[in-house]
Each structure stands twice: as C-alpha cells, then as structure tokens.
1. Across segment 48-97, what is the total count of residues that are of a type in the set (A, V, I, L, M, F, W, C) and either within 27 Å of Asn114 (Cα to Cα) or surrounded by 12 or more Cβ atoms within 10 Å (Cβ to Cβ) (or both)?
2. Within segment 98-111, which residues are surrounded by 14 or more Cβ atoms within 10 Å (Cβ to Cβ), within 14 Å of Asp61 (Cβ to Cβ) and without any contact (Cβ under 8 Å) to a residue 40 or more places away in the chain?
3. Given (1) surrounded by 11 or more Cβ atoms within 10 Å (Cβ to Cβ); (2) at pLDDT 90 or above, identify the lone condition not met by Asn118.
4. Return only the number of the condition from (1) surrounded by 15 or more Cβ atoms within 10 Å (Cβ to Cβ); (2) modelled with pLDDT of 90 or more that Ala151 does not satisfy.
5. Might you let me know whether segment 68-88 holds any residue that is of a type outside the set (Lys, Arg) and closer than 30 Å to Val144 by Cα?
6. Just to confirm my filter: which helices (runs of 4 or more DSSP H) fall fully inside segment 1-113 and include at least 3 residues that are at pLDDT 90 or above and charged (D, E, K, R)?
7. Those residues that are surrounded by 13 or more Cβ atoms within 10 Å (Cβ to Cβ), β-branched (Val, Ile, Thr) and over 23 Å from the mean Cα position of the chain (by Cα), I need them from segment 121-148; list them, please.
Amino acid sequence: MRIKIVTLALLASAAVALPVGAANAQAKIGVVNVARLLQEAPQAQAASQALENEFAARRRDLENQQKDLKAREDKLAKDGAVMAEAERRNAEKALRDGQRELARKQNEFLEDLNVRRNEALGQLQRTVLQEVQGYARTAGFDVVVADALYASQSVDITNQVLAALQARKAPAPAAKP
C-alpha cells in the first residue's frame, strides 16, 4: 500500500515537473508486479525459512502440551465416573488450568509470530523497493508504476527486477532470541 502511494506521488510529481516542451517527448515507463516480487524473491523464501526455524521449537512445545491435555481429558472422561469426587474435581480443575495456560501460550506465540512476520515483511518490502528503484535508475526509466490494472509485456519489468533480486545474495537473517 505504501509503495503504491509513493509510486503515485512520484508519478504525479513527474507529470507536474515535465516542462511544456518536453510533453511531446516519450517517457520511459515500466510496470512492476510487487506482489509477485514479494512472493518469488529468494529473500522472501529465506525470511520465511528463518521464521519457521525461529518458531519451530515453540510450535512443537505447544503441540506437545496440546496432546498432553487431550490425553488427560480423555483419561478424565474415561475414568471420571469411578474416581472419588475430590479427585475428579481436582483433575477437572487441573485440566481447566492447563487449557487456560495453553490458550495463553498460543496467543503469545501467535502475537510474537505476527510481530516477527511483519518485521520480516517490512524488511523485504524495503529490499524490493530499493531493487526496483536501482533497476529503474540504471535502465533509464522515467517512471515505474506498481501493480497497474493493465500493462503490456513490453513495459513489465517484473522479471528483470526478480532476476536482480535473485542475483543479490539473500542476507542471512538474524534470529531473534
């Protein structure tokens, strides 16, 4: 969204800045599919893998805790009728406390994952924007538009920018503690 606003602002300022005599001159315009770049860039896959690695242990812990609670719930359902009243109440309370604790941990996990995913996406968007701008400068483009409603293949520079992103080494993501 931010890229679209910046692109539209640049397009508008470029149109205003053109002198009247230059209005007849041909402007070199390119179009880029930002969503495709964000999906197919090797930096996106590296960020995704880094997030998976960073959160894999916590995900496994939550899954194990969930399995344990399910086993305790099944045992209580099976043996609850033959348990002493106090023992059954204690087991039910422990189960409820465990479920609340699991829900709290799952919420924390999702919040942490979303924060890190947003950080990684922001970094990826900055990288893609820099690459598009760098390519546009070196190729002599006057204007590059993101996500046009229609663009012919002759002005679509997505493949060239993607190749430049692939040529750039994906930085090793720093794992957050």
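The values are calculated or read from the model by the stated rules, or taken from the named source; none is laboratory data. Computed from a predicted model, the values in this text were never measured in an experiment. Virtual Cβ from ideal backbone geometry, glycine too; neighbours counted across all protein chains shown.
1. Residues in segment 48-97 being of a type in the set (A, V, I, L, M, F, W, C) and either within 27 Å of Asn114 (Cα to Cα) or surrounded by 12 or more Cβ atoms within 10 Å (Cβ to Cβ) (or both): 12 in total.
2. Gly98
3. (1)
4. Going through the list (1) surrounded by 15 or more Cβ atoms within 10 Å (Cβ to Cβ); (2) modelled with pLDDT of 90 or more, Ala151 breaks only (2).
5. Within segment 68-88, not a single residue is of a type outside the set (Lys, Arg) and closer than 30 Å to Val144 by Cα.
6. 42-79
7. Val143, Val144
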